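Below you'll find the structure, written out as structure tokens, and then a few comments.
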Amino acid sequence: MFLTAIERAQKLFPRADARPKITHCTLVNADLIRRMKAVDAVPALFTTYAYYNSDKFHYYGEPLMQHSMAFRSLLDAGIHAAAGSDFPPGPFDPRMAIQGMVTRTGWNGETWGSNQRIRVAEALAVNTINGAYNSHEEAVKGSVSLGKYPDFVMLSDDIFTVDESKIKDVQIVRTVVGGKTVYQA
């Protein structure tokens with residue numbers, strides 16, 4: 001319904017580079033992905049769901065989970081999938097989100113929809129530059145480079161080399177906002 005509304009609105013009142021956001025966007029199929037790509041929609045999926053709610057996936061079943069939180073399918077289609085959350089009903093820690101997107105393994109040790117796993121670098125982009133892209137702020141946010149807002153965290157370990165099942169446990173040692181340290185371990 002959302003995509004139909006966007007498609008109709010764009011036909012009646014075209015707006016270049018609109019980047020409509022789809023909050024949640026939990027379950028997709030090939031046709032929805034095609035339509036999202038056509039309107040450059042940015043799905044903001046609940047990123048910690050794969051880790052935090054894995055005990056619920058028995059109710060959905062593996063065939064459905066292969067199309068749920070479909071980061072791999074969305075990124076492979078060239079869609080700028082971004083991070084979303086459901087807090088307060090669920091946690092929103094990006095470290096937990098990255099671990100869940102990379103492993104698709106929950107707190108209970110069960111893995112669901114492993115075909116939707118993405119690499120650490122892709123999960124980092126989902127949590128940074130893709131969100132900035134959604135709000136048309138990729139020129140000033142979403143990555144650390146000259147001319148952008150210098151907001152970032154320093155971690156105790158390298159999430160690219162640490163055991164993927166331990167990413168959520170990597171400690172934040174410094175938080176920098178606006179170029180100033182606001183937290184130091």
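The values are calculated or read from the model by the stated rules, or taken from the named source; none is laboratory data. Just so you know, these numbers come straight off a predicted model, no measurement behind them. Glycine also receives a Cβ, built like all others from the backbone with ideal geometry; neighbour counts cover every protein chain displayed. Ligands, DNA and RNA are stripped out before the accessible areas are found, and what is left, the full protein with its side chains, is counted by its heavy atoms. Shrake-Rupley method; radii C 1.70, N 1.55, O 1.52, S 1.80 Å.
Label points 7 Å out from Cα along the Cβ direction at residue 156 and residue 110: separation in nm?
It is 3.0 nm.
Match the structure shown to one of the listed values (i) 17.1, 53; (ii) 15.8, 47; (iii) 26.7, 105 of Rg and Dmax of the Cα atoms in Å, computed from it, and give that label.
(i)
Heavy atoms of the protein only, probe of 1.4 Å, neighbouring chains included. What is the accessible area of residue 58 in Å², nearest 10?
Counting only protein heavy atoms, residue 58 exposes about 110 Å² to solvent.
Quick one: putting +1 on the C-beta of Lys and Arg, -1 on the C-beta of Asp and Glu, what dipole do you get for the stretch 1-120 around its Cα centre, in Debye to the nearest 20?
Dipole size: approximately 380 debye.
Of 139, 16, 38, which is the most mobile in a GNM of the chain whose springs link Cα atoms less than 10 angstrom apart?
16
State the percentage of accessible surface on the chain attributable to carbon and sulfur atoms; use a 1.4 Å probe and exclude ligands, DNA and RNA.
The computed percentage sits at 58.
Would you please name the chymotrypsin sites (Phe, Trp or Tyr not before Pro) within the stretch 20-119 that are DSSP coil residues with at most 16 other C-beta atoms within 10 Å of their C-beta?
Answer by residue number: 92, 107.
Across 10 Å bins from the origin, how do the percents of Cα pairs in the stretch 1-46 run, short distances first?
Histogram of Cα-Cα distances, whole percents per bin: 27, 59, 14, 0.
Tell me, what is the per residue accessible area of the stretch 85-185 in Å², probe radius 1.4 Å?
With all protein chains present, the stretch 85-185 gives 57 Å² per residue.
Report residue 23's accessible area, 1.4 Å probe, all protein chains in place, as a number in Å² to the nearest 10.
The value for residue 23 is about 90 Å².
Please go through the stretch 81-185 and write out the GluC sites (Glu not before Pro) that DSSP classes as loop and that have at most 16 other C-beta atoms within 10 Å.
On the way: sites: 110, 122, 137, 138, 164; in loops: 110, 137, 138.
For GluC sites (Glu not before Pro) across the stretch 81-185 that sit outside H, G, I, E and B with at most 16 neighbouring Cβ atoms in 10 Å, the list reads 110, 137.
Show which aspartates and glutamates lie in cross-link reach of residue 11 when reach means a straight Cα distance below 18 angstrom and same-chain residues fewer than eight apart are skipped.
40
Taking only C-alpha pairs under 8 Å that are 6+ residues apart, what is the relative contact order of the stretch 118-166 in percent?
Working: 27 pairs, mean separation 13.3, N = 49.
After rounding, I find 27 percent.
Quickly work out the residue 146-to-residue 27 label distance, labels modelled 7 Å from Cα along the C-beta direction, and quote it in nm with one decimal.
The two pseudo-label positions are separated by 5.0 nm.
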